[in-house]
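The values are calculated or read from the model by the stated rules, or taken from the named source; none is laboratory data. Since the structure is predicted, the reported quantities are computational estimates derived from the model, not experimental observations. Neighbour counts are summed over all protein chains in view; Cβ atoms, including those assigned to glycine, are modelled from backbone coordinates with ideal geometry. Note: areas computed on protein heavy atoms with side chains; ligands, DNA, RNA excluded. Shrake-Rupley method; radii C 1.70, N 1.55, O 1.52, S 1.80 Å.
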Amino acid sequence: LGGPAVSGGQVDALAVHPAIADTVYAAVAPEGAYDTGPTTIYKTTDGADSWTPVYGPGHQVYALAAAGTNVYAGAFNPGGEGESIYASRDSGVTWTPVYTTYDRGVWLDISLHPADPDVAIIGGWQYHQAGEEHVQSGLVYKTEDGGLTWTPILTDTPTGAEGGIVSVLIHPTNP
């Protein structure tokens, strides 16, 4: 089908647009860039015959979702690096870092509301301070404004273990 030409790289995330035929976004990391990136986000509008780079967030992206004119990307943050969720409200033309943390973590999956592309949830994990301990918690955050702000809706910190959310889903018929 063709695709972004990255020698030895890896595709870490795909987002097929649910309503615009032949439109797909791909997050591609270069060879040897395990967890550090930098990923390039590519877009095709011709069913994968050709791809155009649309964003290079500087981190490795593991989650992508698209609906309407919104595109969301969730990335790995190795700690002290800043941004880890990015949003585009114009089909990938411009991007904004919309969630920043200085703790190590990664966003692994994004799910969109079936009727409202401004509503999405994102899941992953993050190290953070909990009292006197530094723990790893599974997290789910939600946006209702097209990715401009994100609110935590679930934090899971197992006792004596490391938490993580690897998949999220907004129910398709009963959101």
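Structural remarks
- For the condition of a type in the set (S, T, N, Q) and open to solvent by less than 10 Å² (accessible area, probe 1.4 Å), Ser91 does not qualify.
- Output for the range 39-56, where each listed residue is surrounded by fewer than 21 Cβ atoms within 10 Å (Cβ to Cβ) and either closer than 21 Å to Ser167 by Cβ or under 14 Å from the mean Cα position of the chain (by Cα) (or both): Thr40, Gly56
- Residue within the range 100-107 that is aromatic (Phe, Trp, Tyr), assigned to a strand (DSSP E or B), farther than 19 Å from Pro172 by Cα and touching a residue at least 40 places away in the same chain (Cβ under 8 Å) present: yes
- Scanning the range 8-23 for residues that are under 17 Å from Gly68 (Cα atoms), among the aliphatic types (A, V, I, L, M) and open to solvent by less than 30 Å² (accessible area, probe 1.4 Å) turns up just one, Ala15.
- Scoring Asp145 on the criteria (1) within 23 Å of Glu83 (Cβ to Cβ); (2) in contact with a His (Cβ under 9 Å, 6 or more places away or on another chain) leaves a single failure, condition (2).
- For the residues Ala115, Ala161, the requirement of being over 16 Å from Ala63 (Cα atoms), open to solvent by 20 Å² or more (accessible area, probe 1.4 Å), free of Cβ contacts under 8 Å to residues at least 12 places away in the same chain and in a loop (DSSP other than H, G, I, E, B) singles out Ala161.
Yes/no per residue for (1) buried (at least 16 other Cβ atoms within 10 Å of the Cβ); (2) at positive phi; (3) at pLDDT below 90:
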{"residue": "Ala27", "(1), (2), (3)": "yes, no, no"}
{"residue": "Glu31", "(1), (2), (3)": "no, no, yes"}
{"residue": "Thr36", "(1), (2), (3)": "no, no, yes"}
{"residue": "Tyr72", "(1), (2), (3)": "yes, no, no"}
{"residue": "Gly79", "(1), (2), (3)": "no, yes, yes"}
{"residue": "Val119", "(1), (2), (3)": "yes, no, no"}
